[in-house]
Amino acid sequence: MPDGHQLLLFVAAGLLLNLTPGPDVLYIVSQALRAGARAGIVAGLGITAGCFVHIAAAAVGVSALMAASTTAFSVLKWLGAVYLLWLGARMLLSRPASGAPDSIASKSDKTATRGMKAIFFGGFWTNALNPKVALFFLAFVPQFIAPGAENKPFAFLLLGLLFNFNAVFVNIGWAALAGWMARRMGAVQRGLQGLERVAGLMFIGFGLKLAFTDAPAS
């Protein structure tokens, strides 16, 4: 594990990275605006769960193998790109949510649970199928592991878990902010359909960008 100064630097850098808008933040905010803060929090938890896949893979060397293999990178890249394109298209074609932003909570428990599961797994697959997330962990976390560390995979795993733990609070913050806006700004509520269309276009853009991403040099 890094010393106290390095650990604080790692936490600060991780928080700044998590605060930076990207596909994850966009997914959380769009779900919170559409169905309330609870939906945004569930979306954030799904994204965090997807990160665990990459953390575990990187700790055991799978992500390093993927980074060195053009074929493995390409397969995951295209799966991720197709998923993002599908997610964007679904947002473009979806019908506007009716009622208040928290109206999903007023539905039957079965319907609400099904909706939250879909939101959770939407966030999960957004991250789990993105090879750039795996490469990020391979590039970022090792910088804070001492070259002479006895058990580098274990140190990597601990730092990755710390990164994800901090990300949970950032994601909850994004969800709470978006949910607060949706409850208090009538214009936001009336414009949810338009906002979701914009989010859909952005997800399609992220998918196209991922599709044209080159594999890292060996």
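In nm, what is the difference between 0.36 nm times the number of residues separating Val82 and Gln143 and their Cα-Cα distance?
The Val82-Gln143 span can extend by a further 18.8 nm.
Over segment 1-63, one equal point on each Cα, no solvent: what is log10 I(q)/I(0) by the Debye formula at q = 0.17, 0.19 Å⁻¹?
Values returned for q = 0.17, 0.19 Å⁻¹ are -0.76, -0.87.
For the pair Ser69 and Leu208, what calculated FRET efficiency results from E = 1/(1 + (r/R0)^6), where r is the Cβ-Cβ distance and R0 = 30 Å, to the nearest 0.05?
The formula returns an efficiency of 0.85 here.
The numbers here are math on the coordinates, done by the rules we state, and not lab data. This is a predicted model, so every value here is computed, not measured. Every residue, glycine among them, receives a Cβ derived from its backbone with ideal geometry; neighbour counts consider all protein chains shown.
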